[in-house]
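In what follows, a single structure is set out as structure tokens and then discussed.
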Amino acid sequence: MKKLLLAATLLLTIFLGGCTWLDDKVKDHESDTKGLERTVTVYSKTGDVVKQYKGDNVRTKYNDGGALVVNIDGKRVQVMNSDVVIEEKGAEKYEINKENK
């Protein structure tokens, strides 16, 4: 009985402690397989917007050379030596503007 109680406690601890981890893994899988609605903004080193991409099926990964590869609705863009912000739809509601501080 003690072993069963210990096993149940251990399983519950792992389950509850792993909820965030599991959510992250599910989101990663969704991003890798079907893509997410995202906006990708590419900035120059001086902070100017160089390009902005938006799509319903956006997937990202880094290649072996360190370049960011962005697949936007089946089209591929490689970004090298630039600062990039990738925003998932809905993330803008968490943005803190200078006016809101």
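Pick out the one residue from VAL49, VAL40 that is in contact with a Ser or Thr (Cβ under 7 Å, 6 or more places away or on another chain) and either surrounded by 12 or more Cβ atoms within 10 Å (Cβ to Cβ) or free of Cβ contacts under 8 Å to residues at least 12 places away in the same chain (or both).
The unique qualifying residue is VAL49.
Look at the stretch 10-23: where a residue is modelled with pLDDT under 75, no partner that is not in a helix (DSSP H, G or I) sits 6+ places away or on another chain with Cβ atoms under 7 Å.
I need every pair where a residue in the stretch 76-97 that is among the acidic types (Asp, Glu) has its Cβ under 9 Å from the Cβ of a residue that is surrounded by fewer than 11 Cβ atoms within 10 Å (Cβ to Cβ) and outside any strand (DSSP E or B), sequence separation at least 6 or different chains. Note: pairs meeting the criteria are ASP83/LYS45; ASP83/GLY47; GLU87/GLU95. Quick check, is THR60 assigned to a strand (DSSP E or B), modelled with pLDDT of 90 or more and in contact with a strand residue (DSSP E or B) (Cβ under 8 Å, 6 or more places away or on another chain)? Answer is no for this residue. For the stretch 21-46, the set of residues classified as among the basic types (Lys, Arg) and over 13 Å from VAL70 (Cβ atoms) consists of LYS25, LYS27, LYS34, LYS45, listed by residue number. Of all residues in the stretch 1-57, those satisfying the criterion of being of a type outside the set (Val, Ile, Thr) and in a loop (DSSP other than H, G, I, E, B) are MET1, GLY18, LYS34, GLY35, SER44, LYS45, GLY47, ASP48.
The values are calculated or read from the model by the stated rules, or taken from the named source; none is laboratory data. The model shown is predicted, which means the values in this text are computed figures rather than measured ones. Cβ coordinates were reconstructed from backbone atoms using ideal geometry, including for glycine residues, and neighbour counts include every protein chain displayed.
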